[in-house]
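Each remark here refers to the structure printed beneath this line.
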Amino acid sequence: MSLLRRAVDRVRGTDDSVRGAQDHTTDPLLDALIDALDPARVKFDDAQRSLLGKDASVFDGGNAGPICYPTSTSEVVAIMKIATQFDRAVVPRGAGTGLAGGAIPLGAPIVVAVTKMRDVIEIDEANGVAWVEPGVINLDLTRHLAPLGYHFAPDPSSQQVCTIGGNVANNSGGPHCLAYGVTNAHIQAIEVVTPAGDVVMLGGLDAEPDGYDLRGVFVGSEGTLGIATKVAVKLTKNRPAVRTLLLSFSSVRDAANTVSGVIAAGIVPAAMEVMDNAITQAVENYVNAGYPRDAAAVLLAEVDGPNEGIEIDANRIREIGLENNATDVRLAADEAERALLWKGRKTAFGAVAQIAPNYYLHDTVVPRSKLADVLDQIYAIAAKYELLIMNVFHAGDGNLHPLIVFDGRDEGILDRVHAAGAEIIEASLAAGGVLSGEHGIGVEKQAYMHLLFSDADLDHQNRLRRAFDPTCRANPGKVLPAGHSCADIQHLRSVPAGLWG
Amino acid sequence: MDLHLDEDDLNSCVQCGLCLPHCPTFRVTGDEAMSPRGRIHLMREVQDNGAPLTPEVLESFETCVQCRGCEPACPSSVPYGHLMERTRETLADAGAITPLWQRAMFAPLATPVALKAGSAALGVAKRLKLVPKRLGLPDDLPLRQEPLEPTGTDVYFFTGCVMDAWQRDVHRSGMRVLKAAGIGATPTNELAPCCGALHAHAGLADQTRDLAEQMMGNLRDDKPILVDSAGCGAAMKDYGHLLGTTEAEAFSSRVFDIQEFLADHVGALPQVDPLDLRVAVQDPCHLRHVQRVHLATRTVLAPFVRELVEINDDGLCCGAGGAYSVLQPELAGQIRDRKVNSISAVQPDVVASANPGCSLHLAGAGVQTLHPMQIVDEALSQ
Amino acid sequence: MSRLHTADPVLDAFAKEVGTEGAVAISGAQTRWNTGGELAAGTRTITAPSGIVEYIPEEMIVTVRAGTSVAELHAELRVHGQWTALPERGGTVGGAIAVGENDYRRPARGDVRTAVLQVRYVSAEGEIVTGGGPTVKNVSGFDIPRLITGSLGTLGCIAEVLLRTNPMPSGQRWFTSADVNPFALHQMLLAPGPILWDGATTTVMLFGHDVDVEADRGRIDSLGTFTEVDAPTMPSGFRWSLPPADLQDLSALDTGVFVAEVGVGTVHAEKPQPRTPLSPAVQLIHDRMKAEFDPTGRLNPGRIVGGR
Ligand SMILES: Cc1cc2nc3c(=O)[nH]c(=O)nc-3n(C[C@H](O)[C@H](O)[C@H](O)COP(=O)(O)OP(=O)(O)OC[C@H]3O[C@@H](n4cnc5c(N)ncnc54)[C@H](O)[C@@H]3O)c2cc1C
Ligand code: SF4
Ligand code: SF4
């Protein structure tokens, strides 16, 4: 090794003589993992453990054990077997953009980051699917498919970074899931490494796969049923024509009524997104997308399809808007204007960050006809707790995303944020809604599960989980509230937290 | 350890992760410690929570290319570049990074004569195959070059250090193109020996400040200063922030990338037959992510070539990053491979790149690039 | 939460009927009675409650008791120009969901599995259990509705479901052709409707706005000669489940006379599909699932899910 190289290595700490070789440690678990993978892809340093102790949610307190970066299904199998042998829990992780804390490791589990498994394995046009590894980024996949005229339909706002594995685990949605359906409607088959280390193919490419719908059950299971190592996603043909309408209103209620009206008229647009005045202003300040700053609410509605019929739908939406007192209806003139409007919508969370350093994004669903009422309550809750709450939401399917904007350094603010959050959830449930539309339960909403489900209901969910994972090895402490076997983390090992916590 | 980072800046990151795919080191490793979000988290741990500077923490900081691809991707406008520069400055001051031998490397940059001698020596050494291949230097480092003569006094033409030594032909082209547009330029030569960008990257901010003061002292009028190296332009546009004075602000506002400046003067250029070339535009990070004027390159090039194509990778860094390719050869190589693949995918005849570092780095992988000015110059002179 | 946790005398009565002991099976219209195998002798047979509980057309949801016939449900929905993905072949809602088979017009009507938003069933222990939720979008907890759909009543006795309804397309017309390649037809259409193929003739449903149907009608003419026909009926017989690509060479398979759903992979055939066992690891999950939900094996004994 050259002197120069050696010097560089010393600084970087990769020189073995300085750092101590990683390929023989004093920890048998680490040794086993290193043997199974490769020293460079098993990490246990404090920096890594601290980094992988978090995801994009507002929750701290994760405690990662060894971190593995497998590159193949067989390595994942090996990790699972070692976890079994050492009686450790395992937490799958994609890009770490989850907002409910699903990827936060509890009790020093082995963290399995699939970010190195990121190949598009095969595009099978004859069967209408693409086989991908779980670490493939959502938007990368869509770009990869573009030359063939297809895309992957679920388009979460995080699509530039979130992984297909994460989408599957969270059953993620996005603006265009109104017409096309959320992730579950786009997954044909999943290769899963079960918590016992078996490789199973759930679902299949055939029309009606045999047996219980384990594929359907796996989607949305938040990493608690095993690790997805290969996914067959459906190819959706790109639409030749799109019409994007921007409707402005002088009240949020009018916008919400328009949304209900459109659905009631038998139109299922590709997307229907609403932003209230506060968020519209923030977006305009941020990207200058051409949204009206003075509107109390704007509705972004999009219809797509073959050329012919979408004019009818677009006109109908315009009429329904006007019947509901729309103050302005604008049709995006070209692709550039359309792209700009969407850019505004999709960077809404970023725009918020310009206002205050922290935000807490909620995610409940209410019946569309209750949207206006629940929003009124949310504004009242904001006033009560003296918080700024902005609303941007997938109106078409009633999926609210109240954003509580705050500065985490203000004394006592977190208590107010959480109290307001709790009231938002209660208001949504009281209106006949559910806890989460797309972010999942994770560690965020476990405590609220009792509000939606009875003990017997939760017990049955727990049974479903146990059928896959009788020893609660996969991502324990998530989804189900305390009192259910896999909620009480059995595979906890206290690893000295040290400085890094 | 106090990294001297501004608390508001540090807190502006909400850990959303949207920057991850735009980071070249994360792209090739998939490792959170090699991502902007990871690096910011570690800065916080070190500054706010007293985490020790372990080898892994230093590695995370030192593997950053400082391409700032994460900045435009960040919805919260986290000033990542400044955070990392500051971190490196603190660590270099503390002796934790940038050891003496590396500092020695940067010293000649400020003294053009030494650099030219060194570079000529390197050119000879390279021809004799004494230089390791992984340094990725081009095969034909110039041995001796004709000096640049002023063509007028409308603008300054920044000649700099590395660029002047290695790519004086680019300067020549740039000045000819300006002249064709009726703009007379004065080369800065020893008035402005070095912008200090590489020093800033290495955490040697004091040296950068000295260089900045020197340049500002020598270029006192209010003429625009044109720069044909994206990295230098970015550094000079940042003097306002670096020195924090109104003079420096005013100076920075006079700095333009040459394409940026010419984009407003394309009409003044003669109309000629376009070159029969399919040209891929490789945006240097400091043009695209830092100066954010990369679209100007297209405006300027478009009339002079048959076809412009975009490389389909969101402007991901090529891995050159100042001295990065020398200090982190392995990662730089992986990042470059990715870029080379993206370039091959669009099958260009020529790749246009407006930064010497990128050109040298890509040349190391056999991808020859031309500066946009060389292409326009060629079209004008055919 | 409102209605979920309040007592519902009809469901309570049904739960009582299911009871906590002894083998029990729910009988719908018995149109698919022997799917999964014959019912074990001596099993008590009961029927699920019936009737539409609540239909909210503007929300596109309907709550219906499992014993309601699909025909009755769809008659009600049609008044508002809606339908569901459930197949119309004489059975009950609960039966259709327990069997989980799709309508032959699936591309135009959706998938039964995505239609069930919420399910209420009586467990082997005689308790009323609710899974899923009343909204079109929901990721609150594990997906019990998916598990129950297609479970042949082996995990719980379906009492009531909340279904997603869809607007019926304003135009639906069927065309048939003897000289068209059905796979090329499938490739050409942007959102292909049902395409049925018996090895010689191809029958396609064009749907959407009338103008879209007209435009598609023009497009498909470039592939062959089509004439308009009435909606076809599916032959009774056996059902095959294949990957869509496999339909291109059905001669290799022993189907007998067939009608294939191009682009979907379902084949309605004269002869049965050979049985393939589940892989051991998948079988293990099935066994554990059954043991978890029905430890004593009293629900629908004799019916086996998987390994057809
Ligand atoms: C700015 C922003 C915007 C967002 N917008 C949306 C939105 O519009 N819609 C939406 O639905 N979500 C949204 N999200 C949430 C998040 O991006 C999605 O939930 C995403 O699918 C998570 O993917 P990931 O790769 O980051 O997964 P992670 O966060 O890494 O993991 C999420 C869960 O999946 C599990 N998991 C990951 N990989 C696997 C695997 N291979 N096998 C099994 N389990 C696995 C983890 O254990 C964890 O429980 C947003 C997040 C951010 C930060
Ligand atoms: S500057 Fe470049 S290498 Fe550094 S974190 Fe940002 S994107 Fe990554
Ligand atoms: S995009 Fe910005 S806010 Fe988000 S993780 Fe990266 S640096 Fe932080």
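The values are calculated or read from the model by the stated rules, or taken from the named source; none is laboratory data. On a predicted model such as this, the values are computed, not experimentally measured, just so you know. No Cβ is skipped: glycine too gets one built from the backbone with ideal geometry, and neighbour counts run over all protein chains shown. These accessible areas exclude ligands, DNA and RNA; they are computed on the full protein's heavy atoms, side chains included. Shrake-Rupley method; radii C 1.70, N 1.55, O 1.52, S 1.80 Å.
Some observations on this one:
- Residues located in segment A:349-373, provided they are more than 24 Å from A:Ala419 (Cβ to Cβ) and small (Gly, Ala, Ser): A:Gly350, A:Ala351, A:Ser369
- Check on A:Gly128, more than 8 Å from ligand 1 (Cβ to nearest atom) and facing another protein chain (nearest Cβ under 8 Å): yes
- Only one of A:Ala380, A:Ala447 that is at pLDDT 95 or above and more than 16 Å from ligand 2 (Cβ to nearest atom): A:Ala380
- Yes/no for A:Leu480 being open to solvent by less than 10 Å² (accessible area, probe 1.4 Å), over 22 Å from C:Cys157 (Cβ atoms) and within 9 Å of another protein chain (Cβ to nearest Cβ): yes
Per-residue answers, yes or no, for (1) touching an Asp or Glu at 6+ places or on another chain (Cβ under 6 Å); (2) outside the structural domain of A:Leu52 (by TED's automatic domain parsing); (3) not small (Gly, Ala, Ser):
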position: A:Gly107; (1), (2), (3): no, no, no
position: A:Asp124; (1), (2), (3): no, yes, yes
position: A:Glu133; (1), (2), (3): yes, yes, yes
position: A:Thr142; (1), (2), (3): no, yes, yes
position: A:Gly149; (1), (2), (3): no, yes, no
position: A:Phe152; (1), (2), (3): no, yes, yes
position: A:Pro156; (1), (2), (3): no, yes, yes
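- Yes/no for A:Val8 being β-branched (Val, Ile, Thr), modelled with pLDDT under 95 and more than 16 Å from ligand 3 (Cβ to nearest atom): yes
- Residue that is farthest from ligand 3 (Cβ to nearest atom), among those in segment B:57-70 that are facing chain A (nearest Cβ under 8 Å) and buried (at least 24 other Cβ atoms within 10 Å of the Cβ): B:Val57
- Selection of segment B:343-373 for residues being buried (at least 21 other Cβ atoms within 10 Å of the Cβ), assigned to a helix (DSSP H, G or I) and among the hydroxyl-bearing types (Ser, Thr, Tyr) yields only B:Ser359.
- Just one residue in the set B:Thr87, B:Thr111, B:Thr63 is more than 19 Å from the chain's Cα centre (by Cα), away from ligand 1 (no atom under 16 Å from the Cβ) and modelled with pLDDT of 90 or more; that residue is B:Thr87.
- Within segment A:435-462, being over 22 Å from A:Ala56 (Cα atoms) and either open to solvent by 20 Å² or more (accessible area, probe 1.4 Å) or within 16 Å of ligand 1 (Cβ to nearest atom) (or both) holds for A:His450, A:Leu451, A:Ser454, A:Asp455, A:Asp459, A:Gln461.
- Within segment A:369-380, the set of residues being open to solvent by less than 10 Å² (accessible area, probe 1.4 Å) and either more than 21 Å from A:Ile441 (Cβ to Cβ) or within 14 Å of chain B (Cβ to nearest Cβ) (or both) comprises A:Leu371, A:Ala372, A:Leu375.
- Applying the set (1) away from ligand 3 (no atom under 13 Å from the Cβ); (2) under 20 Å from B:Pro72 (Cα atoms); (3) over 25 Å from the mean Cα position of the chain (by Cα) to B:His41 leaves exactly one unmet item: (1).
- Elements of type strands (runs of 3 or more DSSP E) in segment B:207-299, at least 3 residues being of a type in the set (Asp, Glu): none
- Tally, over segment B:30-60, of residues that are within 16 Å of ligand 1 (Cβ to nearest atom) and under 21 Å from A:Asp60 (Cα atoms): 9
- For segment C:177-203, the set of residues classified as touching an Asp or Glu at 6+ places or on another chain (Cβ under 8 Å) and farther than 27 Å from C:Asp254 by Cβ consists of C:Leu189 only.
- Single residue of A:Ser260, A:Ser250 found to be at pLDDT 95 or above and either more than 30 Å from A:Ile137 (Cβ to Cβ) or buried (at least 24 other Cβ atoms within 10 Å of the Cβ) (or both): A:Ser250
- The strands (runs of 3 or more DSSP E) falling completely within segment A:192-272 that include 3 or more residues that are more than 8 Å from chain C (Cβ to nearest Cβ) and within 16 Å of ligand 1 (Cβ to nearest atom) map to A:227-234.
- Criterion (modelled with pLDDT under 90, away from chain B (no Cβ under 14 Å) and open to solvent by 40 Å² or more (accessible area, probe 1.4 Å)) met by exactly one of A:Glu423, A:Glu411: A:Glu411
- Number of residues in segment C:216-237 that are within 14 Å of chain A (Cβ to nearest Cβ) and surrounded by fewer than 17 Cβ atoms within 10 Å (Cβ to Cβ) equals 4.
- The helices (runs of 4 or more DSSP H) located wholly in segment B:18-87 that include 1 or more residues which are of a type outside the set (S, T, N, Q), within 8 Å of ligand 2 (Cβ to nearest atom) and closer than 24 Å to A:Gly94 by Cα occupy B:24-29, B:36-49, B:70-73.
- Counting the residues of segment C:249-300 that are open to solvent by 60 Å² or more (accessible area, probe 1.4 Å) and of a type in the set (Ser, Thr, Tyr) gives 3.
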